[in-house]
Amino acid sequence: MRVASPLVSLTLQSLLRTKPVERITDEGANTQLKRSLGLVPLIALSVGATLGTGIFVVLGEAAPQAGPAVVLSFVLAALAALFSALSYAELAGAVPVSGSAYSYSYATMGEFVAWLCGWCLLLEYGVSVAAVAVGWGGYLNEFLHSAIGVRIPDALASSPAAGGIMDLPAAVVVLLAALVLVGGARESAVVTTVTTVLKLLVLVFFVAVTVTAFNSENMAPFAPAGIAGITGGASAVFFSFIGFDAASTAGEEARNPQRDLPRAIVISLGIVTAMYVLVALTAVGAVGADALGGQEASLSAVMRDVTGAGWPSTVLAFGAVIAIASVVLTVLYGQTRVLVSMSRDGLVPAMFARVGKRRVPTANTLVVGGVVAALAAFVPLGQLAEATSIGTLVAFALVNIGVLVLRRTKPDLPRSFRAPLMPITPIIGLGLCVLLVAGLKPQTWLAFAIWTVVGLGVYFLYGVHRSRLNDWQHGERAQAGQS
């Protein structure tokens, strides 16, 4: 017992130890990554990572569940995202590093919680990239069929669970995005900005066309499944709001992170929410909620039904092909930057933090791209989207808690943005996250439980022993002994 007690004590101490904010900020200030992103590229990064995921892909799955009230599902999901976005904005301005919610948790709640948060972020980013890539394949098929009358064979455009061999288009778009990211942060930002503008124009075109066919009869009954349907729909479409935090992963590549990161996060969420609500409202009003169900390229089908012509559907499908590819690019970017921070802390292998000649994490990007491409090729869309939502909501909940903790432990820490109405804002954000998590399906909880158990195994077998905080704390004790 005399031997076991110190070991238990050391383990508990290791789990609860925090990484000083000053140390995290210093690492971010001395990053090897290239600082090349201003406010507009950061907004484009967040909008590009968000806009399109839910509207182009998930709307067709959520609309039959909530009915016309799917519009309120988007509003509820947006509110949950908004309160969490305000917490993100405060922490991004105070701790501007690549790790996003992972780094914020490390500074406020300790290494163990930070690891769980980082593990959730890996699920959030990696699985969402795969889910979006699967949806991209559906629009690619729609575009090829509309433009030249050709379709990719079902065997090569569907996962084994959907009766195919593999989803080849989904795998290809992930690998192409990885290659673009290896080219450099500035080059990737140019691609992201151009594709984001194109995406906005395509959705504005969709709204302008479908509003002419709006029929109020399609809005009744408004909420056939009641509050449960709206909440369930919100849990599903919350997946489509995850990208707004992508700007927070660019903390070490932003030219003025304290000023620009909070602005980019809040502005991008406002743009995305407005577009989602407009598109959902006009789509349901034009054809009805049930007509949107079961179609991966649901917006193209709406355009075809509304206009009776093929070219508007072709234009939308082409825009979706380009736009959704930008989501793959920007979310894949976010995952690699979270891994940079986790690797720099010693919790995952050092190769994920190595920076190549173009000052980007080359090996990290290629490995992540390969793993996510395989996931996109063999796992169906619905399972991917819900698994993403639970990882996202857990990470967002921790960010809301982190704001409260940091306000108490570091009240004098310089903050370029402060969440309003403290502590009400993060408490509401936390409550909404819990509400949406409760609306997810049992199989999603099971998948998340398995993912968490795997993560705990990795942490206790690898991370806790190799944490850089071990060396730092030993150095602190040695200096204290010498003095």
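Find the residue count for the stretch 253-274, including only residues that are assigned to a helix (DSSP H, G or I) and surrounded by fewer than 24 Cβ atoms within 10 Å (Cβ to Cβ).
If we filter the stretch 253-274 for residues that are assigned to a helix (DSSP H, G or I), which is where we start, we get 257-274.
Next, only the ones that are surrounded by fewer than 24 Cβ atoms within 10 Å (Cβ to Cβ) stay: 258-259, 263, 266-267, 270-271, 273-274.
Selection size over the stretch 253-274: 9.
Out of the residues in the stretch 165-175 that are of a type in the set (A, V, I, L, M, F, W, C) and assigned to a helix (DSSP H, G or I), which is surrounded by the most Cβ atoms within 10 Å (Cβ to Cβ)?
So the residue we want is A170.
Output the number of the condition that G294 fails; it satisfies all remaining conditions of (1) part of a loop (DSSP other than H, G, I, E, B); (2) modelled with pLDDT of 90 or more.
Here G294 meets the rest and fails (2).
Which condition breaks for A162 when tested against (1) surrounded by fewer than 22 Cβ atoms within 10 Å (Cβ to Cβ); (2) among the small types (G, A, S); (3) in contact with a helix residue (DSSP H, G or I) (Cβ under 8 Å, 6 or more places away or on another chain); (4) at pLDDT below 85?
If we test A162 against (1) surrounded by fewer than 22 Cβ atoms within 10 Å (Cβ to Cβ); (2) among the small types (G, A, S); (3) in contact with a helix residue (DSSP H, G or I) (Cβ under 8 Å, 6 or more places away or on another chain); (4) at pLDDT below 85, just (3) comes out false.
Inspect the stretch 53-65 for any residue being polar (S, T, N, Q), modelled with pLDDT of 80 or more and farther than 22 Å from L440 by Cα and give the result as yes or no.
no
Residues are listed down the side, and each one gets a yes or a no for (1) of a type in the set (A, V, I, L, M); (2) in contact with a Cys (Cβ under 6 Å, 6 or more places away or on another chain); (3) modelled with pLDDT of 80 or more:
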{"residue": "V40", "(1), (2), (3)": "yes, no, yes"}
{"residue": "A78", "(1), (2), (3)": "yes, no, yes"}
{"residue": "S105", "(1), (2), (3)": "no, yes, yes"}
{"residue": "E124", "(1), (2), (3)": "no, no, no"}
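Test each condition in (1) at pLDDT below 80; (2) surrounded by 19 or more Cβ atoms within 10 Å (Cβ to Cβ); (3) part of a helix (DSSP H, G or I) for S5 and report the one that comes out false.
Unmet for S5, out of (1) at pLDDT below 80; (2) surrounded by 19 or more Cβ atoms within 10 Å (Cβ to Cβ); (3) part of a helix (DSSP H, G or I): (2).
Being without any contact (Cβ under 8 Å) to a residue 60 or more places away in the chain, within 22 Å of the chain's Cα centre (by Cα) and farther than 18 Å from A374 by Cα is the filter here, so list the residues in the stretch 147-189 that pass it.
Of everything in the stretch 147-189, just one residue is without any contact (Cβ under 8 Å) to a residue 60 or more places away in the chain, within 22 Å of the chain's Cα centre (by Cα) and farther than 18 Å from A374 by Cα, namely E187.
Rundown of residues vs (1) at pLDDT 90 or above; (2) touching a strand residue (DSSP E or B) at 6+ places or on another chain (Cβ under 7 Å); (3) hydroxyl-bearing (S, T, Y), yes/no style:
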position: A363; (1), (2), (3): yes, no, no
position: L381; (1), (2), (3): no, no, no
position: T388; (1), (2), (3): no, no, yes
position: S416; (1), (2), (3): no, no, yes
position: L435; (1), (2), (3): no, no, no
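In this structure, does G93 turn out to be touching a Phe, Trp or Tyr at 6+ places or on another chain (Cβ under 8 Å) and at pLDDT below 85? Working first, answer last.
Working: touching a Phe, Trp or Tyr at 6+ places or on another chain (Cβ under 8 Å): yes; at pLDDT below 85: yes.
Yes; evaluated as a whole, the condition is true for this residue.
Please work out if L203 is under 19 Å from G137 (Cα atoms), in a helix (DSSP H, G or I) and touching a Leu at 6+ places or on another chain (Cβ under 9 Å).
Yes, satisfied.
Okay, residues lined up against (1) among the hydrophobic types (A, V, I, L, M, F, W, C); (2) closer than 15 Å to L430 by Cα; (3) buried (at least 24 other Cβ atoms within 10 Å of the Cβ):
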position	(1), (2), (3)
V75	yes, no, no
L86	yes, yes, yes
V95	yes, no, yes
G99	no, no, yes
Y102	no, no, yes
T108	no, no, yes
F112	yes, no, no
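Of everything in the stretch 114-128, what is farther than 14 Å from S389 by Cβ and crowded, with 24+ Cβ neighbours inside 10 Å? Give them in sequence order. Break it down into steps so the answer makes sense when it comes.
Taking the stretch 114-128 and keeping what is farther than 14 Å from S389 by Cβ, we get 114-119, 122.
A114, W115, C117, G118, W119, listed by residue number.
Taking the options V237, V277, name whichever one is surrounded by fewer than 22 Cβ atoms within 10 Å (Cβ to Cβ), under 15 Å from G60 (Cα atoms) and aliphatic (A, V, I, L, M). Full working, then the answer.
Details: V237 fails: surrounded by fewer than 22 Cβ atoms within 10 Å (Cβ to Cβ).
Going through V237, V277 in turn, just one is surrounded by fewer than 22 Cβ atoms within 10 Å (Cβ to Cβ), under 15 Å from G60 (Cα atoms) and aliphatic (A, V, I, L, M): V277.
The values are calculated or read from the model by the stated rules, or taken from the named source; none is laboratory data. Small disclaimer: the values here were computed from a predicted structure and weren't measured. Here Cβ is always computed from backbone atoms with ideal geometry, including for glycine, and neighbour counts include all displayed protein chains.
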